[in-house]
Structures are given as C-alpha cells and as structure tokens.
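So the structure is just underneath, and the comments pick up after that.
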Amino acid sequence: MDVNELAYKMSTMRARDLRETEAILRSARGLVVAFALIAALVACGGGAGSASPPPPPPPTTGSVTLTWTIPTLNTDGSQLTNLMGFKVIYGMSSTNLTQSLSIDGSTVGTCQIDNLTSGTWYFAVISVASDGTQSAPSNVLSQTI
C-alpha cells in the first residue's frame, strides 16, 4: 500500500467514523431529551392520566374561649347560695346544642373549648345548683371557626 492509498483509507475511515459519531450523538441527544422528559414527569408526579390528586388538606380546627358573668341572684330575686357550677352547651345549630361541658366551681366564669371543626358554632351557658337544679340557658352566641 502506498502513501496515497493509506491517506485515502484514513480519510475514508475518518469520514465513516465522523458519520458514526454523529449518529451516536444524535441518538444520545434523543436519550438525553427522553431522560429529561422522564425526569420532569417523575418530578411532577407522572405523565398524562397517571397523576394522582393531591391529598385533602387536614381539617381546620380551632378553639373558643367563653366568658360569662357569674349570677348572684335566683330568677325570683332571692340570693343565689347554692351555685355549684355551670354547664356549657354547644353545637353547630343554634336550636340543637347537643354537646356539653361541665364546669365545676361557683367562681369560674370562663372556659376554653378546643378542637372545634371549621364552621359556625353556637354556645350557651346554664347555671347548676348543688341540688341539680339548672337555670334556663343564657342567650345563644355564635363563633365561626
């Protein structure tokens, strides 16, 4: 093989190698794009139709602090001497206060109710005498959580 034949073969090999290298790079670019697309889909939770909905937010809860004036008189005007405590009644309907909380002590005029779910809550207070007699409920008040 002479120098000219060798130069021709080398140039032919280089051209063929360049074409093969270009083909490999084109394939590699396609793989890189495909990899980038897959990575993006994984990062956002999947492809079309495969994304699951986000979980619902946790329920909103709150608390309310109630304060009332401690009564000193019975409804007939006589001195109140046997006050034992209070009963707080509450619920999500002003006409259906189905939950209650007993407050012991005749000098306690406040309470806090925790873990109330979101919505409007209604509250009233009842005085409780030592013999179990209960007053009529106070006016109903509301608080939105």
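The values are calculated or read from the model by the stated rules, or taken from the named source; none is laboratory data. Since the structure is predicted, the reported quantities are computational estimates derived from the model, not experimental observations. For neighbour counting, all protein chains shown are included, and Cβ atoms are generated from backbone atoms with ideal geometry for every residue, glycine included.
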Next item on the list: Kindly provide the set of residues from segment 106-118 that are surrounded by 11 or more Cβ atoms within 10 Å (Cβ to Cβ) and over 14 Å from Thr67 (Cα atoms), ordered by number.
Entry: Leu116, Thr117, Ser118
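Do any strands (runs of 3 or more DSSP E) lying entirely in segment 53-104 carry at least 3 residues that are crowded, with 16+ Cβ neighbours inside 10 Å, and which ones are they? Talk me through it step by step, then tell me what you get.
Working: elements: 61-67, 83-91, 99-104.
Hits in segment 53-104: 83-91.
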Next item on the list: Could you list all residues from segment 118-135 that are β-branched (Val, Ile, Thr) and modelled with pLDDT of 95 or more?
Entry: Thr120, Val125, Ile126, Val128
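Using the structure shown, decide if Ser138 is modelled with pLDDT under 95, in contact with a strand residue (DSSP E or B) (Cβ under 6 Å, 6 or more places away or on another chain) and either of a type in the set (Ser, Thr, Tyr) or in a loop (DSSP other than H, G, I, E, B) (or both). Walk me through how you get there before you give the answer.
Details: modelled with pLDDT under 95: no; in contact with a strand residue (DSSP E or B) (Cβ under 6 Å, 6 or more places away or on another chain): yes; either of a type in the set (Ser, Thr, Tyr) or in a loop (DSSP other than H, G, I, E, B) (or both): yes.
The answer is no for Ser138.
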